[in-house]
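K.L.:
Quick one: the structure is below, and I'll ask about it shortly.
The values are calculated or read from the model by the stated rules, or taken from the named source; none is laboratory data. Keep in mind it's a predicted model, so treat the numbers as computed, not measured. For neighbour counting, all protein chains shown are included, and Cβ atoms are generated from backbone atoms with ideal geometry for every residue, glycine included.
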Amino acid sequence: MVRRSLVAEQVLEIMCRPVRHCWTLDELQDDLARRGLAPNPSSVFRAVCGLERSGTVVRVPLGDGRGHYEVASEHHDHLVCDTCGRMEPLACSIVADLASRVRVWSGFLVSGHQLVLSGTCGTCAGEAHVAPQPGRPSSAARAGKNGS
């Protein structure tokens with residue numbers, strides 16, 4: 001087993017916190033600086049690449065030309081707010097259901113996919129503009145707020 005560098009250990013610790021879903025290299029660099037560490041950008045890049053090679057971290061292609069990384073977990077798709085940039089996981093079976101239907105309709109076996117839905121999150125849109133969906137709590141309820 002290869003021992004991780006201090007930078008890699010700190011990067012992984014940052015990424016495991018629930019404050020953000022995906023991280024860019026610049027965001028990781030900034031967070032490391034807030035911790036009093038000052039590695040150069042190439043060290044952060046090498047640390048993330050090493051974590052990616054080990055399967056601990058995965059790159060999330062969001063279509064904006066930047067590298068976004070998250071801790072490896074069960075496959076999920078992503079929601080991205082065009083206003084504030086917030087990213088959150090979308091764990092639902094729509095795409096898996098579609099892959100099954102594609103197999104039935106065409107015989108094509110889907111081996112993987114990446115789905116990113118962009119739009120406006122409930123916070124940016126304002127709760128009044130976001131209709132709650134059956135089986136899905138409003139963003140206020142997800143955040144632990146109550147209406148009283």
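K.L.:
Run down R4, R20 and say which single residue is within 24 Å of C124 (Cα to Cα) and surrounded by 15 or more Cβ atoms within 10 Å (Cβ to Cβ).
P.N.:
On the way: R4 fails: within 24 Å of C124 (Cα to Cα).
The match here is R20.
K.L.:
Also, quick follow-up: State whether one or more residues within region 77-85 are out of contact with any Ser or Thr (no Cβ under 8 Å at 6 or more places or on another chain), outside the structural domain of Q114 (by TED's automatic domain parsing) and crowded, with 18+ Cβ neighbours inside 10 Å.
P.N.:
Taking every residue of region 77-85 in turn, none turns out to be out of contact with any Ser or Thr (no Cβ under 8 Å at 6 or more places or on another chain), outside the structural domain of Q114 (by TED's automatic domain parsing) and crowded, with 18+ Cβ neighbours inside 10 Å.
K.L.:
Here is a list of conditions, (1) surrounded by fewer than 17 Cβ atoms within 10 Å (Cβ to Cβ); (2) within 19 Å of Q114 (Cβ to Cβ); (3) outside the structural domain of H113 (by TED's automatic domain parsing), and E88 meets all of them except one; can you say which number that is?
P.N.:
It fails just one condition, (3).
K.L.:
Among the candidates S100, S43, which residue alone is buried (at least 18 other Cβ atoms within 10 Å of the Cβ) and either assigned to a helix (DSSP H, G or I) or not assigned by TED's automatic domain parsing to the domain that holds G122 (or both)? Show your work before the answer.
P.N.:
On the way: S100 fails: buried (at least 18 other Cβ atoms within 10 Å of the Cβ).
Within the list S100, S43, the selection yields S43.
K.L.:
Additional query: Can you run down the residue pairs with Cβ atoms below 8 Å, 6 or more apart or on separate chains, where the first is in region 2-21 and under 11 Å from Y69 (Cα atoms) and the partner is assigned to a loop (DSSP other than H, G, I, E, B) and of a type in the set (S, T, Y)?
P.N.:
As it stands, the answer is L12/T56, since those pairs meet every condition given.
K.L.:
Being outside any strand (DSSP E or B) and among the basic types (K, R) is the filter; apply it to region 46-95 and report the residue that is nearest to C124 (Cα to Cα).
P.N.:
As a first pass, look at region 46-95 and keep what is outside any strand (DSSP E or B): 46-56, 60-68, 72-76, 82-86, 91-95.
Going one step further and asking which of them are among the basic types (K, R), we end up with 46, 53, 66, 86.
Values: R46: 35, R53: 36, R66: 23, R86: 10 Å.
By that ranking, first place goes to R86.
K.L.:
While we're on this one: If you take the residues of region 31-40 that are of a type outside the set (A, V, I, L, M) and exposed (fewer than 12 other Cβ atoms within 10 Å of the Cβ), which of them is farthest from D64 (Cα to Cα)? Give the derivation first.
P.N.:
Filtering region 31-40 down to residues of a type outside the set (A, V, I, L, M) leaves 31, 34-36, 39-40.
Pick out the ones that are also exposed (fewer than 12 other Cβ atoms within 10 Å of the Cβ) and you get 34-36, 40.
Values: R34: 26, R35: 28, G36: 30, N40: 24 Å.
Ranking the candidates gives G36 first.
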